[in-house]
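Working notes for the structure below.
The values are calculated or read from the model by the stated rules, or taken from the named source; none is laboratory data. Just so it is clear, the model here is predicted, and its values are computed rather than measured. All Cβ positions, glycine included, derive from the backbone under ideal geometry; neighbour counts span all protein chains shown.
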């Protein structure tokens, strides 16, 4: 026999023995009264964008509740065949509240929820619910109304460059809200849209920003997650808006403000609800008023624009300014049905699949 | 000093048996060091990766579900590689198979076309995968273009086609523009083998594929032809074996299996078509094929093993709060060790001092 | 700055990482080694390059760190695929898995950090020239480095003994060995060079392209570099043209959208790959018999003695 085999066999036996010993003595040490909370992220927690903001809220929960909770996250969970297993693993590991933070987990969440009726699920941006599945999302378009107002004031050329990820209603409604607000300031404002078909691809986002700037845009907006476009805007000496998180660090001279996804108040309230035993399935769509979205400080703009932005923000919070106030004309100039009285109702916004008048482009795939 | 390999005169059976053990042992040692450096208890950490997944029924089921596509694709690839035909585009063939089969499900959505639907989808998936695999094979046979590179290029094309379809023509009209087709009707989804689990009928097809490939390789003239063409091309030519035809055949088989695997994923665990249907199964399967030493039964084992590292990786994130990237590192290290140890089956390693054979010899 | 000039500038930036990574892979493949781990080496180069620049404030040190990291990972590949004669396809894929994981672990504390972008050349007078000024005299150091590298590679391959030996090892290792060349040593050096280039390409992303680090930020560029080498049929000159074409497609697709042209972006994105297949078939067909690819590409070589 060869020496190598002997050595291998020896090491293997020794390690196996050590492992099983460790396994035997290492039983869960968590106290039963601890609430275990699981999180599923689509990106790496360090994307500094969408998943990062959810993880900030997770950390806030730990801070708020300390020893009474134990949190766990699974990162980089693709929206494919693995999602269901990842979510179920969390449920099996004793997590009683699970936040699934990407739209693509929808069917997986519903399937796992049916199997684990005592576990509560929170699914971000989805629309399917169960007695133990809630959905929640931010009214990101409210932030776009403020950004559109600022952009129209700041832009000298009257051209806004918009980097889109995918033409889903969340993004389309953001573009429309921007346009409607900007038109109030400058009726001739133009918006150029580039889709990068990704939520996160720094290089491509940078290229898209350059293309938009080269074609005359002097204010850049994005519905993608990285800070690449902000850096380009800073380098080119124009302005831009941050997305998901405050990106002022990447564009100290460029950032006007940013839409900051602040999941903390909602997450904390849901954890409390589970602890108090009054958690119930619901559909929550919150915006500036409930601080699910917040605006980063208004910077790099004259005081009068700052004031206008702050007034707009206050107006939306108070409900006096409606981002989708009627009448709204579609691209052909036809008036859109006004289901919410004096504004579009939530269903119309959540399923939005048309551009408003003045946008000289076509929704891809439509 | 330089590393020198000497071909063994005959394959060492003892090493062949010991090599996987040695590889696992080396991985455990390396990871012990890594975990210790990270301040984790190495024994606990390794147990979570390699032992916990085997201790409960649920994890075992999930390992089987995860391994199924890997094994099915790898078995096809093994036939290719044995015949010296290098198909590395299984990922693309998987996607095309999924697209073709899903096309039937999308077109018949809500129409209840009867029990023929699912078999037709499986057939369409396999045929489309085979057809897509035949493109690089034909390029190779007709024009001498490298099949490695053509098959790799076609992966991206397939991915973009899928992307186009689910964001455009096949998008669920009631799905708020999200890039997915409508949920397949129950007639278009694979039945479950264990109610309440995710263990679906595709697993049986995988086992059938393993058995068929084992018989094909070991017991048939075609299998003999594959082995001869792969190991002794000159002898194969004298024996009258047509190497070109074999490239086409093995590519078609592996493409069909990859396409079938893709369709099974869509009609099984996922239930609709979407841009992300495969976390790189087609590429991981290449590694599974090599870990299984291009032997169908070996692949069954290696597929289960690789699947276990994925499950264990998730459990490590949950139990130890280790980052997901750690799983990649462990897999990478493990793969290198396994491949390196397998090299010992063919070669003897000698260290010799570096002299005369310098870079610049006479020319 | 005119639109045309601006587009050219963007194309150069987009092409540079592809060119850098592909030129290294070209050398490795010319020596007969197919290293599919380019994506992994680029990622590790990206994160180590960023870490170096972030810690020292120097782009040059960052670039050096990227190169060293790429070489280190390539050394592992060389040990496996050359030293131990492991199948190159399997070893390359394993390298990408390992590199991606390692990069994620190393980069975790660097997320959200910011560094100054690599400086651009500024020659008073010359850089201000209309149209060509910025194109020729206003790039960052990586761009000039990439072009210098290509010229050097073209010269070495075509005109020097080293190039001859490299090609001999890639086309017919058995004969090269019989002539007394150390095939393993030549291949190892070629692979290490490829790793250094891939690492530098990755560092370009985090130091110049988008000066921050984020996980997975190579976004498949390593795989595109592999396609590019084939597209260029292993010729340095064509590699430059190919990189420009691949870069141009990715940039023009965005401009077409901003103009409001309704071309499906997926079709545009698929074009380079389809073009690569067509080119591969065409060149193989024209030169049927005498293969364009290095004859021993992807095969392990262990001398019989």
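The table that follows gives values for the structure above.
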{"item": "From C:283, C:251, residue being buried (at least 21 other Cβ atoms within 10 Å of the Cβ), in contact (Cβ under 8 Å) with a residue 60 or more places away in the chain and assigned to a helix (DSSP H, G or I)", "result": "C:251"}
{"item": "Residue list for region C:221-237, filter: buried (at least 24 other Cβ atoms within 10 Å of the Cβ) and within 14 Å of chain A (Cβ to nearest Cβ)", "result": "C:221, C:222, C:224, C:225"}
{"item": "Options C:240, C:191, C:186; residue that is within 11 Å of chain B (Cβ to nearest Cβ) and within 25 Å of residue C:154 (Cβ to Cβ)", "result": "C:186"}
{"item": "From B:38, B:26, B:46, B:21, residue being touching a helix residue (DSSP H, G or I) at 6+ places or on another chain (Cβ under 7 Å) and more than 7 Å from chain A (Cβ to nearest Cβ)", "result": "B:26"}
{"item": "Residue in region A:140-153 that is more than 20 Å from residue A:296 (Cβ to Cβ) and modelled with pLDDT of 95 or more present", "result": "no"}
{"item": "Subset of region B:285-297 [within 14 Å of chain C (Cβ to nearest Cβ) and more than 20 Å from residue C:98 (Cα to Cα)]", "result": "B:293, B:294"}
{"item": "Residues of region B:246-279 classified as over 18 Å from residue B:124 (Cβ atoms) and without any contact (Cβ under 8 Å) to a residue 24 or more places away in the chain, total", "result": "2"}
{"item": "Selection status of residue C:138, touching a strand residue (DSSP E or B) at 6+ places or on another chain (Cβ under 7 Å), within 27 Å of residue C:204 (Cα to Cα) and more than 14 Å from chain B (Cβ to nearest Cβ)", "result": "yes"}
{"item": "Lone unmet requirement of (1) within 11 Å of chain C (Cβ to nearest Cβ); (2) within 28 Å of residue C:108 (Cβ to Cβ); (3) touching a residue at least 12 places away in the same chain (Cβ under 8 Å) for residue B:282", "result": "(2)"}
{"item": "Scan of region A:57-91 for residues that are within 8 Å of another protein chain (Cβ to nearest Cβ) and either at pLDDT below 90 or surrounded by fewer than 19 Cβ atoms within 10 Å (Cβ to Cβ) (or both), ordered by number", "result": "A:75, A:76, A:78, A:79, A:80, A:81, A:82"}
{"item": "Residues of region A:92-111 classified as more than 21 Å from residue A:59 (Cβ to Cβ), within 10 Å of chain B (Cβ to nearest Cβ) and free of Cβ contacts under 8 Å to residues at least 60 places away in the same chain, total", "result": "5"}
{"item": "Candidates B:137, B:131, filtered to the one that is within 18 Å of residue B:250 (Cβ to Cβ), surrounded by fewer than 22 Cβ atoms within 10 Å (Cβ to Cβ) and modelled with pLDDT of 90 or more", "result": "B:131"}
{"item": "Residue in region A:288-311 that is in a loop (DSSP other than H, G, I, E, B), within 30 Å of residue C:265 (Cα to Cα) and out of contact with any strand residue (DSSP E or B) (no Cβ under 9 Å at 6 or more places or on another chain) present", "result": "no"}
{"item": "Any helices (runs of 4 or more DSSP H) falling wholly within region C:22-116 and containing at least 3 residues that are within 8 Å of chain B (Cβ to nearest Cβ)", "result": "C:88-107"}
{"item": "Lone unmet requirement of (1) more than 11 Å from chain B (Cβ to nearest Cβ); (2) surrounded by fewer than 23 Cβ atoms within 10 Å (Cβ to Cβ); (3) modelled with pLDDT under 85 for residue A:48", "result": "(2)"}
{"item": "Residue identified as over 17 Å from residue C:11 (Cα atoms), surrounded by 23 or more Cβ atoms within 10 Å (Cβ to Cβ) and within 7 Å of another protein chain (Cβ to nearest Cβ) among C:214, C:270", "result": "C:214"}
{"item": "From the options B:126, B:67, residue that is touching a helix residue (DSSP H, G or I) at 6+ places or on another chain (Cβ under 6 Å), within 14 Å of another protein chain (Cβ to nearest Cβ) and surrounded by 24 or more Cβ atoms within 10 Å (Cβ to Cβ)", "result": "B:67"}
